[in-house]
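The values are calculated or read from the model by the stated rules, or taken from the named source; none is laboratory data. From a predicted model like this one, the values you see are computed outputs, not experimental measurements. Quick reminder, even Gly has a Cβ in these numbers, built from the backbone with ideal geometry, and neighbours come from all protein chains shown.
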Amino acid sequence: YKRQFQFCDYLLFDTKGRDRGGNGEKFNWTILNNYRGETPFFLSGGIAPEDAGSSSFVSEINSKLVAIDINSKFEIKPGLKDVELIKPIITSMKYARYGN
């Protein structure tokens with residue numbers, strides 16, 4: 001298994017915001033339609049609870065996606081995620097990848 005990038009184990013797809021980190025800016029997931037690389041990737045960029053049912057988000061999940069960075073809209077308070085809000089996005093990701 002040969003990686004596309006010699007010095008990189010993973011790529012991170014995110015959206016550049018005005019400020020450093022945590023801007024909540026949506027990443028344009030449709031550009032991943034063109035991703036044919038061998039390097040696995042993390043997905044970030046404003047992933048919110050309402051994205052669980054978004055067909056554009058789910059359709060971009062492919063076998064090279066290994067992790068997502070969810071935004072603060074999943075939090076009960078800073079640093080504490082609400083498990084009930086996370087479950088639907090995990091379910092949609094599993095369905096997109098495995099079909100069940």
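Numbers at a glance
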quantity: Residue match in region 64-72 (condition: in contact with a Lys or Arg (Cβ under 8 Å, 6 or more places away or on another chain), of a type in the set (Ser, Thr, Tyr) and modelled with pLDDT of 85 or more); calculated: no
quantity: Given (1) modelled with pLDDT under 85; (2) over 12 Å from the mean Cα position of the chain (by Cα), index of the condition Lys26 fails; calculated: (2)
quantity: Selected residue (only one of Asp9, Asp51 is at pLDDT 80 or above and assigned to a helix (DSSP H, G or I)); calculated: Asp51
quantity: Long-range neighbours under 8 Å by Cβ, at least six apart or interchain, first residue over 16 Å from Arg36 (Cβ atoms) within region 5-17, second outside any strand (DSSP E or B) and among the hydrophobic types (A, V, I, L, M, F, W, C); calculated: Asp14/Phe27; Thr15/Phe27
quantity: Members of region 18-46 found to be touching a residue at least 12 places away in the same chain (Cβ under 8 Å) and polar (S, T, N, Q), listed by number; calculated: Asn23, Asn28, Thr30, Asn33, Thr39, Ser44
